[in-house]
1. Mind computing the radius of gyration and Dmax over the alpha-carbon atoms of the chain? Å is fine for both.
2. Which whole-number percent is the relative contact order of the chain (Cα, under 8 Å, 6+ apart)?
3. With label points built 7 Å along Cα→Cβ from the Cα atoms of ARG10 and SER53, find their separation and express it in nm.
4. Take ASN24 and LEU75, extend 7 Å from each Cα along the Cα→Cβ direction, and tell me the distance between the two endpoints in nm.
5. How many percent of DSSP beta bridges within the chain run antiparallel, rounded to 5?
6. If you put +1 on each Lys and Arg Cβ and -1 on each Asp and Glu Cβ, how big is the dipole of the chain around its Cα centre, in Debye rounded to 20?
7. What is the sum of charges around VAL30, taking Lys and Arg as +1, Asp and Glu as -1, for the other residues whose C-beta is under 13 Å from the C-beta of VAL30?
Amino acid sequence: MSAKIYHNTRCSKSRATVAILEQNDVDFEVVNYLVEPPSEIELKDILKDLGISARELMRKGETKYKELGLSDKSLSEKELISAMLEFPILIERPIVRTEKGVAIGRPPENINAII
């Protein structure tokens, strides 16, 4: 099995998710999404495969979320996606994709369903 993980090395949940992948002998590609954010198409695919809205994938505790006024309910899905593309720190992490699906590693054990 192979996987792709959108990873932030400074995040304990992200590191724990990497450990689960390693413990299960999953061959995985690490994407430091803060340096190499997903494309708009990739982000939309992630949202579709998770079955959630852009707002649900956002880290609402981030300073940038507050600075940009992203809690404004009148903002469109397109506007929220644009904000995540411009400021990838807003994207919840870690996100793991395998041939079985996509999961957010919060908690890290969530990925067990797709590995």
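Each value in this text was obtained by applying a stated rule to the coordinates, not by laboratory testing. The structure presented is a predicted model; accordingly, all values stated were derived computationally and were not measured. Note that each Cβ is placed from the backbone with ideal geometry, even for glycine, and that neighbours are counted across all protein chains shown.
1. Taking only Cα atoms of the chain, I get Rg and Dmax of 13.8, 44 Å.
2. That works out to 36 percent.
3. Simple spin-label model gives 2.9 nm for this pair.
4. Distance between the two pseudo-spin positions: 3.2 nm.
5. So the antiparallel bridges amount to about 60 percent of the total.
6. On the way: 17 positive and 19 negative charges, 89 e Å.
Here the size comes out at about 420 debye.
7. With Lys, Arg at +1 and Asp, Glu at -1, the neighbours total 0.
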